[in-house]
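See below for the structure under consideration.
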Amino acid sequence: MSTLWITDVDDIQGIGAGMESYEHKDGSGGRSLSSGPPPPRPPEDEATPALAPGAVPAQGAPAATGPATDGPATGTAASGAAAVGQAPTDPAPAASAMTGTDTDTDTDTASPGTPRPTHGIAALSMPYQVLAAVSVTLVAALVCVHLAMVFLHVAPPNTVTKRHGEAVQGWVYPEFEQNWKLFAPNPLQQNIAVEVRAQYTAADGSRRTSEWIDLSAQDGEAIRGNLVPSHIHQNQLRRGWDFFVGSHDNEARPNGLRGRLSERYIRRIVMLRLDDIDLGGPLQRVQVRSSTRAIEAPAWSGERVDTRPVHRLMPWWTITEADFPGGVDSGGTGNGGVANGAGNSGTEAGR
């Protein structure tokens, strides 16, 4: 351990001068020798005026990047400022804020502070925005045309429908047909089923008659639970039977050419359905009937409704090769084609 000997007045004055170096220049007091080095002092540059709190320095003014020293700045101090992550300031925004001028000369683009849209058409690039706008316009125009066509179809006869009736009907049928029987004043209150039975030649040569086959039930089974049911299952048999009933009298006699066409159409539908059923032999004749059953009244109404089926029986129709799905050149069906002696066209009612 070394011992300090004070032998002269000059030594005492030297110690006092060293202690004064720990005092701040502004006279804020001193620190003890055991408290460590003094805190850093702000730079003393007489050329830089003092700024008020919150003020922005003028353009070109030097920014403080680290603690000031009494001597000139060295490379070590500059590298130390960069090491702690202090980025150099850009004087351009500060100058524009003080002068009130806008340094962004591009008025068409958003400022850097404006967030870019992330949803909708605005978030797309310009070519895709144009494409989306054109697509939306076309879809809107198509919807307007469709609504106009349906309105003209259900509206009473007028000048437009008389002049452009074919165009309206061509647009609506068959996919957009409007059936207003679902609404008042005459809603449907019956279930109508179309059934068929066939006479065929068995393996022993005898003629046999099949049970009644519910064709409407087959359509209902194909539609039930199907999100996209076929137009054939929904309308082919139903519309064909309506066409047949409307063109025949109560005795099942056809009313002119429409009646004969409707009968031929029903026979084709029947043979198309029987083509997938193995009856056990070649077909000879078929018979069609309708089964009409009233819809049961709800329990809360107290109304009594007779739900027993009412049948309308058509005569036996002799089957020809032309009645099969493939026509005359089909060579018959899975049931063995047409039986011998059944090749003459016509119906039992026409004989």
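The values are calculated or read from the model by the stated rules, or taken from the named source; none is laboratory data. Quick caveat, the model's predicted, so the values are computed rather than measured. Heads up, the Cβs are rebuilt from the backbone with ideal geometry, glycines too, and the neighbour counts pull from every protein chain shown. Accessible surface is based on the protein model in full, side chains and every heavy atom, while ligands, DNA and RNA are left aside. Shrake-Rupley method; radii C 1.70, N 1.55, O 1.52, S 1.80 Å.
So how strong a dipole does region 184-251 carry about its Cα centre when Lys and Arg Cβ are +1 and Asp and Glu Cβ are -1, to the nearest 20 debye?
Rounded to the nearest 20 debye, it is 140 debye.
Can you give the extra length, in nm with one decimal, that the chain gains between ARG253 and ASN235 once fully stretched, where that is 0.36 nm per residue apart less the Cα-Cα distance?
Values: separation 18, 0.36 × 18 = 6.48 nm, distance 2.40 nm.
Result: 4.1 nm gained on full extension.
Regarding region 272-328, what's the average projected area of the Cα-atom convex hull, expressed in nm²?
The directionally averaged projection comes out at 6.1 nm².
Which order, highest average first, do 191-201, 291-301 follow once you tally other Cβ atoms within 10 Å for each residue and take the mean per peptide?
The densest-packed peptide leads the list: 191-201, 291-301.
With +1 assigned to the C-beta of every Lys and Arg and -1 to the C-beta of every Asp and Glu, and no other charges, what is the dipole magnitude of region 213-258 about the Cα centre in debye, to the nearest 20? Show your work: numbers first, answer last.
Numbers: 5 positive and 6 negative charges, 34 e Å.
Computed charge dipole of region 213-258: roughly 160 debye.
In whole Å, largest first, what are the principal axis extents of the Cα atoms in region 151-255?
Its Cα atoms span 66, 39, 28 Å along the three principal axes.
Cβ neighbours within 10 Å, averaged per peptide: list 142-150, 243-251, 114-122 in order, most packed at the top.
243-251, 142-150, 114-122
Using DSSP to call loops (not H, G, I, E or B), can you name the chymotrypsin sites (Phe, Trp or Tyr not before Pro) in region 116-174 whose Cβ has at most 14 other Cβ atoms within 10 angstrom?
none
For region 185-242, what is the accessible area per residue in Å² when the probe is 1.4 Å? Don't jump to the answer; show the numbers that get you there.
On the way: 3760 Å² over 58 residues.
Heavy-atom accessible area per residue stands at 65 Å².
Can you find, among GLY225, PHE243, GLY256, the residue sitting farthest towards the positive end of the charge dipole of region 202-275, where Lys and Arg contribute +1 and Asp and Glu -1 at Cβ?
Checked the options; the winner is GLY256.
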